[in-house]
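Contents: one structure, followed by commentary.
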């Protein structure tokens, strides 16, 4: 998607500027884990997904346990804080 977004055309809105880092990098995602993560998303997460900190925030707000998926988030996100 990132490459497609960087293709500039007059009839396309929402183009990604060439000087911006790749989307995966901007989101703090480990590039080597990205495809596997997308392919197995539904099996690996319960009621929330994202960085470990965001999953903990969700669990606290909704008084839930965010245990399912925490290990996968730690491997996926480069900065898990």
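We did not get these values from a lab; they are worked out from the coordinates using the rules stated. Keep in mind it's a predicted model, so treat the numbers as computed, not measured. Heads up, the Cβs are rebuilt from the backbone with ideal geometry, glycines too, and the neighbour counts pull from every protein chain shown.
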Item to check | Förster radius 25 Å - calculated FRET efficiency between residue 36 and residue 68, Cβ distance, rounded to 0.05 | outcome: 0.90
Checklist outcome for this item: The relative contact order of segment 1-77, taking Cα pairs under 8 Å that sit 6 or more residues apart, comes to a percentage of 27 percent
Checklist outcome for this item: Label model pair residue 2, residue 19: point-to-point distance (7 angstrom along the Cα→beta-carbon line) in nm is 1.8 nm
Checklist entry - To the nearest 10 degrees, how steep is helix 52-61 against the longest Cα principal axis of the chain, on a 0 to 90 scale? => result 60 degrees
Checklist outcome for this item: A student applying the Cα gyration tensor rule (rounded when a/c is under 1.5; otherwise prolate if a/b is larger than b/c, oblate if not) would label segment 33-81 oblate
Checklist outcome for this item: With -39,500 (n - 2.57) per DSSP H segment of 4 or more residues and division by the full residue count of the chain, the 222 nm estimate, nearest 500 deg cm²/dmol, is -10000 deg cm²/dmol
